[in-house]
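S.K.: Below are the structure tokens for one structure; questions will follow.
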Ligand SMILES: [Zn+2]
């Protein structure tokens, strides 16, 4: 008998690898934070002796969700300003609130609130863009999930930095501090082509090349940000990014709801990653990312929620359903974006966008033990013909019972194991009372 750390038995396992497999009565053998083998449960019991055995008898085990675009600290502004168009929402409500309130302390408390929500809805990794990066990283470190944290670059002062030089300096200091961390990675995150000049985007390219980091940017989110980019840089955003050499498989372009023929030509030639955020795009009335058309061109499209101030949740199950429905409606084709494809957007495609698909995003031997269990025994998800259909089209995030990252359990039977839920709720109320007054 071979000794391992954990043996995870599940009614179903969805692997989300290229040849996506849905396995019945199988087990994950876990040793040293990684998946050692996936095999039938009976064979696993004969082969392995485990320190801990977990039985997910009515559950589906699958890779944890990867939220490929968010601003987690914006959870503290959830519900503060709704039912507004992007530029009105941003310039008249969100930026003033950020100028008044964002601090190291707020970002830490708000990040824990968001991370608690993400873990409870099955997210094991997220790609963030905000300020006070150390506060977000500290929250990630405490919670135990994975994150890519973006060095925000913006051409105007915020509470975090006064000048572009200061954004770069603080960001590089953050990179030096976290470059060896096993769950935290760093990206360079210019906010958008309407808020960063072409000269500073060229500087982003230089720093990203020197440090070998991905670049993460809002791009062509709505008509208004294209107009802003043309006013500032005299060209469309994607063209501007391409002119400074940023459009490549190392770019993560967020939103992309407004695409003309030239944009498609650039995308097809340079193959950047795109993050689709359908609920935020719908709520701000921004537009619709042509997901199926992009995928047909061989472009990797991942899924993100965006911040909770424009969504208003960090629920990747809900986001998958919205993405599938929106693709069908917008193309008038019910076959567009089927359940299995949208599940891959929320898992392995996210890992590909972040450049960590050799570590996470699917369940195969050798990858990190990042997985979740969803209980499908509820009345709402019965009878069960196919687990992927139930998860995408019928399940709610409240059916996520257990979450593991790198072989460590973060959620057990919906209870957070690394975070204090009561304390997080109390802090959220204190901030609400300050911001409301
Ligand atoms: Zn965003």
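S.K.: Considering only residues that are part of a loop (DSSP other than H, G, I, E, B) and more than 26 Å from residue 145 (Cβ to Cβ), which ones fall in the stretch 329-376?
M.R.: At the first step, the residues of the stretch 329-376 found to be part of a loop (DSSP other than H, G, I, E, B) are 332-338, 346-347, 355-367, 369-370, 376.
Listed by number, the residues that qualify are 332, 333, 334, 335, 336, 337, 338.
Residues are listed down the side, and each one gets a yes or a no for (1) touching a strand residue (DSSP E or B) at 6+ places or on another chain (Cβ under 7 Å); (2) surrounded by fewer than 24 Cβ atoms within 10 Å (Cβ to Cβ):
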residue	(1), (2)
307	yes, no
310	no, no
319	yes, no
330	no, yes
334	no, yes
346	yes, no
370	yes, no
377	yes, yes
384	no, yes
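S.K.: Okay, next question. Looking at residue 302 and the list (1) out of contact with any strand residue (DSSP E or B) (no Cβ under 8 Å at 6 or more places or on another chain); (2) within 24 Å of residue 119 (Cβ to Cβ), which single condition is not satisfied?
M.R.: If we test residue 302 against (1) out of contact with any strand residue (DSSP E or B) (no Cβ under 8 Å at 6 or more places or on another chain); (2) within 24 Å of residue 119 (Cβ to Cβ), just (1) comes out false.
S.K.: Just the residues that are in contact with a strand residue (DSSP E or B) (Cβ under 9 Å, 6 or more places away or on another chain) and part of a loop (DSSP other than H, G, I, E, B), please, taken from the stretch 156-181.
M.R.: Start the filter on the stretch 156-181 by keeping residues that are in contact with a strand residue (DSSP E or B) (Cβ under 9 Å, 6 or more places away or on another chain), which leaves 158, 160-161, 164, 167-168, 170-172, 174-175, 178-179.
Result: 158, 160, 161, 179.
S.K.: Are there any helices (runs of 4 or more DSSP H) wholly within the stretch 228-295 with 2 or more residues that are within 14 Å of the ligand (Cβ to nearest atom), more than 24 Å from residue 210 (Cα to Cα) and within 17 Å of the chain's Cα centre (by Cα), and if so which? Give the derivation first.
M.R.: Numbers: elements: 237-243, 261-270, 278-283.
Qualifying helices (runs of 4 or more DSSP H): 278-283.
S.K.: Which of the residues belonging to the stretch 354-380 are farther than 18 Å from residue 122 by Cβ and in contact (Cβ under 8 Å) with a residue 60 or more places away in the chain?
M.R.: Scanning the stretch 354-380 gives 355, 364, 365, 366.
S.K.: So which of 366, 350 ends up being more than 24 Å from residue 189 (Cβ to Cβ), touching a strand residue (DSSP E or B) at 6+ places or on another chain (Cβ under 9 Å) and either more than 16 Å from the ligand (Cβ to nearest atom) or assigned by TED's automatic domain parsing to the domain that holds residue 267 (or both)? Full working, then the answer.
M.R.: Values: 350 fails: more than 24 Å from residue 189 (Cβ to Cβ).
From the options 366, 350, the qualifying one is 366.
S.K.: May I pose another question? Please identify the pairs in which a residue from the stretch 275-290 that is assigned by TED's automatic domain parsing to the domain that holds residue 264 and over 25 Å from residue 352 (Cα atoms) has its Cβ atom under 6 Å from the Cβ atom of a residue that is modelled with pLDDT under 95 and away from the ligand (no atom under 12 Å from the Cβ), counting only partners at least 6 apart or on another chain.
M.R.: Every condition considered, the pairs that remain are 285/85.
S.K.: If you check residue 73 against the conditions, is it within 30 Å of residue 378 (Cβ to Cβ) and within 16 Å of the ligand (Cβ to nearest atom)?
M.R.: When the stated conditions are applied, residue 73 does not pass them.
S.K.: Another question, if that's okay. Which one of 40, 96 is over 18 Å from residue 306 (Cα atoms), free of Cβ contacts under 8 Å to residues at least 40 places away in the same chain and not assigned by TED's automatic domain parsing to the domain that holds residue 366? Explain how you work it out, then say what you get.
M.R.: Working: 40 fails: not assigned by TED's automatic domain parsing to the domain that holds residue 366.
The conditions single out 96.
S.K.: Here is a list: 114, 97, 50. Which entry is more than 26 Å from residue 228 (Cα to Cα) and within 16 Å of the ligand (Cβ to nearest atom)?
M.R.: Working: 97 fails: more than 26 Å from residue 228 (Cα to Cα); 50 fails: within 16 Å of the ligand (Cβ to nearest atom).
Checking each option against the conditions leaves just 114.
S.K.: How many residues, within the stretch 381-396, are touching a residue at least 12 places away in the same chain (Cβ under 8 Å) and either assigned to a loop (DSSP other than H, G, I, E, B) or farther than 24 Å from residue 24 by Cβ (or both)? Steps first, answer last, please.
M.R.: Of the stretch 381-396, the ones touching a residue at least 12 places away in the same chain (Cβ under 8 Å) are 381, 386-396.
Narrowing further to those that are either assigned to a loop (DSSP other than H, G, I, E, B) or farther than 24 Å from residue 24 by Cβ (or both): 386, 394-396.
Residues meeting the conditions: 4.
The values are calculated or read from the model by the stated rules, or taken from the named source; none is laboratory data. Just so you know, these numbers come straight off a predicted model, no measurement behind them. As a convention, Cβ positions derive from the backbone with ideal geometry for all residues, glycine included, and neighbour counts pool all protein chains shown.
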